[in-house]
Structures are given as C-alpha cells and as structure tokens.
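For reference, the structure is listed below as structure tokens.
Read-outs: derived from the displayed coordinates by stated rules, not from any lab. Since the structure is predicted, the reported quantities are computational estimates derived from the model, not experimental observations. Methodologically, a virtual Cβ is constructed for each residue, glycine included, from the backbone with ideal geometry; neighbour enumeration extends over all protein chains shown.
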Amino acid sequence: MEKLLIDGGQSLEGEIRVSGAKNAVLPILAATLLADGPMQIENVPHLQDVTTTMELLGRMGVSLTLDERMNIEVDSSTINELFAPYEVVKTMRASILVLGPLLTRFGQAEVSLPGGCAIGSRPVNLHLHGLEAMGAEIEVKGGYIHARSKRLEGTHLVMDSVTVTGTENLMMAATLAAGTTIIENAAREPEVTDLANCLNKMGANIEGAGTGTIAVHGVEKLYGCQYSVLADRIETGTFLVATAITGGHVRLKNTQPNFLESILLKLKEAGASIHCDADWVEIDMYKRRPKSVDICTAPYPAFPTDMQAQFTALNCIAEGSGTITESVFENRFMHVQEMQRMGANIKVTGNTAIVTGVDRLVAAPVMATDLRASASLILAGLIAEGQTIVDRIYHIDRGYECIEEKLTQLGARIRRVPH
Ligand code: UD1
C-alpha cells in the first residue's frame, strides 16, 4: 500500500493552479445519464472518485471517451443496465447520485444502498422520501434500492435537513418530471448551483439554485452540451491552510474565492493576510505563527465540514486554544487520535474538540481514515519535526489531484513510496 513521506519544516512559497471540484464533477457525471446526445465535460480533476464514476457509468453501457487533457465525452445512448452494484457504491457513496437520473429518464433503477462510512452513518432516507413524494415506488431489499415509476410528478418537498447529494438527486429527478417541483430547505452549496447551471445548459428549467428554495419546472427532454466544472473550493482551502500552517506565501490560480468566504474569514482571524480577485487568491503569513480560531461546521454558506480537519491541524500548532464543533457528521474526529500521536494537545467531548496549540509537532507514522482527515495529516506533517509517514493514502487520491506534485511545486519535501 502506498504511503507519503513528508519532511516537515519548509514554508510553502509559489503559485499553483486549482483543479475542478470533486463535489461538482460527480453529480455532473451522473447528470449525463439525462442527456439525449453526447456531453463534453471540461476541467475534470484527475481523481479516483472520477475514475470510479466512469467505471460505474461504463458498467451500465454508457460510452465514455477521455482525452489527454482529461476532458470527458459521455454518451448515454448506449445504456443497457440500470444498475449500480454494491462493489462500486461501497467505495464511493456519491454513486447514489445515479438514482434520480436513471429513475426519471428510464422509469426504473436498482442502486446498492451505501453502507456506513468512517465519518458517520450517512443515510439516504431523504433522497428516497423525496422520490416517493414524486410518485416513485421504492423498495429496499437485499441491500439494494429498487425504484420504479411512470413519469415522476412535480411536487412540493420540504427537506427535513439540508443534504447536498439529496438536493442534487431530487433536482435531477425533477428535471424530467411532469410539472413543477419545489425543493425547500435545499442545500445552497456552490456545487449544487454548478449542477443546476449544467442542467439548465442541457435544457432544464431550474430556478433558485444557490438559495434555500429551488424550483424545477419539468421538461420533456434534456440534450447534450459542453460544460466546464467549477473550481474546487475545498482544495483551495486546503492549500491555504497548508500555507498558513507553514508561515508561507502562496497564490492559487483558477479558483473562485467568492465561494470561500467563511474559510477566508477564519484564515484572517488566524493572522493571514489575504488578497484575491475573481479567479485567484493569495495568502501571506509573513513567517508568523497562526493564532487559534474557533470553528463550527454547518451547511453552506457557513463553515464547511470538509475543512474541519485541516483547521484542526492549524489549531494544533497555533498560539492559544480553539474550539472545533462538528455539527454535520457524527463521527468526524478520526484525525484527532493521529494528531495526538504527533504531540497535539486535543480534548474531544461529544462533537467538540478543544485544541490547545503546542510549540511543535513531532513526526510519527500516521494513518489516514477518510479523505479530509488524510489531508489534515499531510498538513500536520508539513510542520512537524522529522519525517511523517502517512499510510492508507488511497483516501487522498479520491479527492485531491496530484497533491504531492502541487506541494512539491510549493517547496514542500514530500514523496510517495510504494510500501
Ligand atoms: C456531501 C459532500 C461531502 C460533504 C457533505 C456535507 C458530495 C459528493 N459530498 O456529502 O463532501 O462533506 O456533503 O457538506 O457532494 N442525511 C440524512 N439523510 C439523508 C441524507 C443526509 O440524515 O438522506 C444527513 C447525513 O447523515 C449528514 C447530513 O445529513 O449528517 C449532511 O449530509 P449530506 O449533505 O447528505 O452529505 P453528502 O451529500 O453525502
């Protein structure tokens, strides 16, 4: 199993380009199932989750062509299986995103139930309730969701809680339904808006994406189009925190800082100087040690749960104490134990971690448990004394394109080894 070796102590300097957003490209790839005609997707990040989604679509008989610039052409006219098997869904929960498109376009779907995962139980009940309210018959048996319907019917949905992929699944299902679907308490994440923009370009009629109420006026057909995926705000945020931790100075290009407000605010509180324009952001820490910050995760536009672990790493070496409250997922402090092994002073009670900054972290072998936890351990390694070994890095490859190449370009000493 591959590992990353990181020799800590270099402050990051330079400029890199941010990749397309994982959480935007996955629903957009699922949305290609709705198109009558080929779709061209651009700014696709080179990630394991993208490969897994391509494998899933390929198994359904969908034709996929990848060019050398990672643009993907998808033609769903060759589809011959309306089925998402357990072997694929268990490796990537976002596979559930094919359910809405398959059901609304083809009238049936069989999709494995995603199991539990490291960061909590993560049920899909809200996806299923929404589809049932639109007229689908759903049976869950043998670990699979069996869904059938005549043409889905527009309805008024009030989501019990905010769910990102739930909103996306229902929005996709509603595009081809008869009449209008209103989704209240919808997720407002920029990736939901990016999916809506793509669907509208395909001929859908969606209003209100990016707000808490989305209206989808059903149409008869969607068409293929070309679409370029939004930049990854979590990758952007991760590199910003990496720079802040190491006291560095970095410019990130090809990103959209307007979607990073809650993150930039916390970095400024930590003492960073931030400058940005429409498509770049620059951070300078002037070699200073960061100050601790308090964080509470919640749906967009509040502070993202996908940046919680990285800020926990920042607080580990910051001046003072900071409180990290995780309110989205029930078990998302798996990185804490590993950071404690590097000398961090963290106390967890319930969904809150109190982190008191120490003068230095000391390198240790650590193990990644989920995607963002892996990123946070790499960040801790960048500042630790000695050589940190991060094991189980397949998690990182699910969601970060070329992370060690990008860090190396910024002056970090990091390399991948086979065992
Ligand atoms: C998406 C993101 C993930 C991010 C998360 C929260 C993708 C591919 N993944 O995951 O990176 O961490 O949003 O911002 O976009 N819930 C239910 N019932 C449901 C659905 C969700 O109870 O039917 C609960 C979950 O257990 C969780 C909360 O709602 O506590 C939010 O989860 P959700 O927004 O659905 O996360 P994902 O869409 O899976």
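The angle between the Cα long axis of helix 164-175 and the main principal axis of the chain comes to about 20°, on a 0 to 90 degree scale.
For the stretch 1-130, the gyration tensor built on C-alpha atoms gives an oblate shape. Its axis ratio a/c (a ≥ b ≥ c) is at least 1.5, and a/b is not larger than b/c. Put a plus charge on the Cβ of each Lys and Arg, a minus charge on the Cβ of each Asp and Glu, and nothing anywhere else: the dipole of the stretch 321-419 about its Cα centre is then about 120 debye.
Counted residue by residue at 0.36 nm each, then reduced by the alpha carbon distance between them, the extension gain from Ala178 to Thr211 reaches 9.6 nm.
Remark: C-alpha extents of the chain on the principal axes read 63, 45, 42 Å, sorted largest to smallest.
Can you give the Rg to Rh ratio for the stretch 76-118, taking only C-alpha atoms and Rh from Kirkwood?
Values: Rg = 10.9 Å, Rh = 10.9 Å.
Reported Rg/Rh (Cα atoms, Kirkwood Rh): 1.00.
Taking the fewest neighbouring Cβ atoms within 10 Å as the starting point, the ordered list for Val355, Val88 is Val88, Val355.
Residue ranges 331-344, 259-272 sort as 331-344, 259-272 when ordered by packing (mean number of other C-beta atoms within 10 Å per residue, highest first). Of all aspartates and glutamates in the structure, the ones whose alpha carbon falls short of 15 Å from that of Lys90, not counting any fewer than 8 places away in one chain, are Asp49, Glu55, Glu110, Asp370.
Within the stretch 1-34, the GluC sites (Glu not before Pro) that combine a DSSP coil assignment with at most 15 other C-beta atoms in a 10 angstrom radius are Glu2. Remark on the stretch 280-419: hydrodynamic radius 15.4 angstrom, per the Kirkwood mean of 1/r across alpha carbon pairs. Return one number: the angle in degrees, 0 to 90 and rounded to the nearest 10, between the long axis of the Cα atoms of helix 190-201 and the longest principal axis of the Cα atoms of the chain. Taking Cα atoms only, the helix is inclined about 30 degrees. Residues whose amide H falls under 5 Å from that of Asn345, counting only those 5 or more places apart or on a different chain, are Thr356, Val358, with hydrogens built in the peptide plane. Annotation: amide H of Ala178 within the under-5 Å range of Leu152, Glu153, Gly154, sequence separation 5 or more or interchain, hydrogens built in the peptide plane.
Could you line up His146, His127, His419 from fewest to most neighbouring Cβ atoms inside 10 Å? Intermediate values should be presented prior to the final figure.
Numbers: His146 14, His127 24, His419 6.
Lowest to highest Cβ neighbour count: His419, His146, His127.
To the nearest ten degrees, helix 233-245 and the longest principal axis of the Cα atoms of the chain are 0 degrees apart. Pairwise over distinct Cα atoms, reciprocal of the mean inverse distance: report the Kirkwood radius of the stretch 130-247 in Å, one decimal place. Computed over the stretch 130-247, the radius equals 15.6 Å.
Cross-link reach is defined here as a Cα-Cα straight distance under 21 Å, omitting same-chain residues fewer than 8 places apart; for Lys406 the lysines meeting it are Lys3, Lys22, Lys253, Lys287. Amide H to amide H, with H built 1.01 Å from N, Leu230 comes under 5 Å of Ala21, counting only residues 5 or more places away or on other chains.
The charge dipole of the stretch 268-311, taken about the Cα centre with unit charges on the Cβ atoms of Lys, Arg (+1) and Asp, Glu (-1), comes to about 360 debye, rounded to the nearest 20.
Of the options Ala313, Ala302, Gln226, report the single residue whose Cα projects farthest towards the positive end of the charge dipole of the stretch 191-318 (beta-carbon charges: Lys, Arg +1; Asp, Glu -1). In the stretch 191-318, that residue is Ala313. Considering only Gly143, Gly210, Ser76, and ranking their Cα positions along the charge dipole of the stretch 64-217 that arises from unit charges at the beta-carbon of Lys, Arg, Asp and Glu, the one farthest toward the positive end is Gly143.
Ignoring everything except DSSP H segments at least 4 long, calculate the 222 nm mean residue ellipticity for the chain; use -39,500 (n - 2.57) per segment, divide by total residues, nearest 500. Could the numbers behind the result be given before it?
On the way: 14 runs with 132 residues, N = 419.
Taken over the chain, the calculation gives -9000 deg cm²/dmol.
Mind putting a number on the dipole of the chain about its Cα centre? Charges go on the C-beta only, +1 for Lys and Arg and -1 for Asp and Glu, and I need it in Debye to the nearest 20.
740
DSSP beta bridges fully contained in the chain are about 70 percent antiparallel. Across Gly350, Gly212, Gly399, mean-square fluctuation computed from a Gaussian network of the chain (C-alpha pairs under 10 Å connected) peaks at Gly350.
Give me Asp370, Asp359, Asp67, Asp397 ranked fewest to most by other Cβ atoms within 10 Å of their Cβ, as a rough exposure proxy. Walk me through the intermediate numbers first.
Numbers: Asp370 22, Asp359 8, Asp67 11, Asp397 19.
The most exposed by this proxy come first: Asp359, Asp67, Asp397, Asp370.
From the convex hull of the Cα coordinates of the stretch 177-221, what is the mean projected area in square nanometres? Write out the running numbers ahead of the final one.
Working: hull surface 10.9 nm².
Reported value for the Cα convex hull: 2.7 nm².
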